[in-house]
Structure formats: C-alpha cells, structure tokens
Amino acid sequence: MIKWKAVILGFILTVIFALILNHFMGEYGSYISILAASAIVGYMVNQNYVNGAIHGVMIGVLGGIVGIIILLLVGGYLIIKAEILIILMKIAIDIVLGAIGGVFGSIYSNWKKS
C-alpha cells in the first residue's frame, strides 16, 4: 500500500534538495536529491525493501515529470522534441535512483529496529 503522505513529502524534499544542490553540483545535484529524498521516504515507510523501492520509484517518476514540465516552460516545445531520448534516459535514471534510495532507507529502518 502506498503511503501518499510520505511520497508527497519525499517529492517536496527532492525539490528543495535539488534547488540547493544544483547550484553547487550542477546536474548531479538533482540525482543526489532524488537518492537522498527516496532514502528518507524508504526509512519513513518503515516496511520491507519492496515497499521502499516502490515509494522511491514514485518519487523518481514525480521528479521526472516535474523536470519535463520545467523544461517545457523554460525551453519550449522544440527543446523537448529534439531531446526526447535524453529526457527519457533522465527519467529512467531518476526511477532507478529512487528505487535504490528507497531500498536503502527501508533496509536501514529494518536494521535499526532489530
């Protein structure tokens, strides 16, 4: 079962972390923000690692969609059309990083309980 409060909080954390880290690290800041926020959400979910991965994937998908919307607003349709493969690769990377972070957070949560 998906805990939507945790997903929304993770999305907000992703946006905040990305805004801060992108100034210092460039594109890598958004990747680190997704990894960190999904690890926090995986810890908050406090279930097995599969649920942590599912919640992390949700954060990765939301982050990718918002990234596309921002790119559309800033760059317009031509940039989206020209670089659709790059955008799809970034969303795939966001999803994988979200899953990894969610698994790490869930494993740490379960390790701390025992």
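The values are calculated or read from the model by the stated rules, or taken from the named source; none is laboratory data. Just so we're clear, the structure is a prediction, and the values are computed from it rather than from any experiment. All Cβ positions, even for glycine, are placed from backbone atoms using ideal geometry, and neighbour counts span all protein chains on display.
Quick look at the values:
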{"item": "Any hit, segment 45-58, residues being over 19 Å from SER109 (Cβ atoms) and either crowded, with 24+ Cβ neighbours inside 10 Å or in contact (Cβ under 8 Å) with a residue 60 or more places away in the chain (or both)", "result": "no"}
{"item": "Sole residue being at pLDDT 90 or above and either in contact with an Asp or Glu (Cβ under 9 Å, 6 or more places away or on another chain) or aromatic (Phe, Trp, Tyr) (or both), chosen from TYR28, TYR77, TYR43", "result": "TYR43"}
{"item": "Failed condition for GLY10, given (1) within 10 Å of the chain's Cα centre (by Cα); (2) over 30 Å from LYS113 (Cβ atoms)", "result": "(2)"}
